[in-house]
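The values are calculated or read from the model by the stated rules, or taken from the named source; none is laboratory data. Quick caveat: nothing in here was measured; it's all calculated off a predicted structure. Heads up, the Cβs are rebuilt from the backbone with ideal geometry, glycines too, and the neighbour counts pull from every protein chain shown. To get the accessible areas, we keep the full protein, side chains included, count just its heavy atoms, and leave off ligands, DNA and RNA. Shrake-Rupley method; radii C 1.70, N 1.55, O 1.52, S 1.80 Å.
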Amino acid sequence: MLLRAARLWELVTGRARPVLEKTSVLKPVRVEVEGGVNLLLDPGDLVAREILTTGVWQPEVWQSISDGLSAGAVFLDVGAHIGYDSLKGSVRVGERGKVISFEPNPRTLEQLRANIIASHSANVIVEPIACTDSEQMLTLYDSTSEGNRGASSLS
């Protein structure tokens, strides 16, 4: 596993040496996935690991979203997670457009905001709330510690 991770690090960063702690655990790394999309990716998280491995997350979903986006558009990203689609949308709608990213998980929200800052995406507005069909209080199930930040849900 560490050899595959070291090779992955080399492919992603172009550097031959992985960032390892003394305990040989891979640390999160900031990667410019594509122009304007700069993400902190933790190899211990399912979504981040997929992006590190393949360079993309759910390309068919992004294709269906991007077909409807043009310069100057407004994009609502409900469940923005770490900002992958929000940041890609930010580039697509351009300076005249807006992206509104909804993310209720406080632990994921920190990373979302950091990724927006690192990507210099001035057209992204973050709303730290969930979207439902009525005003209500819900319990957030945080799956961050289970290695899949994206599986957090409301009950």
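Loop-located GluC sites (Glu not before Pro) in region 18-106 (DSSP state not H, G, I, E or B) with no more than 11 neighbouring Cβ atoms inside 10 Å: GLU21, GLU95.
Of the solvent-accessible surface of region 84-131, computed with a 1.4 Å probe and all protein chains present, 55% belongs to carbon and sulfur.
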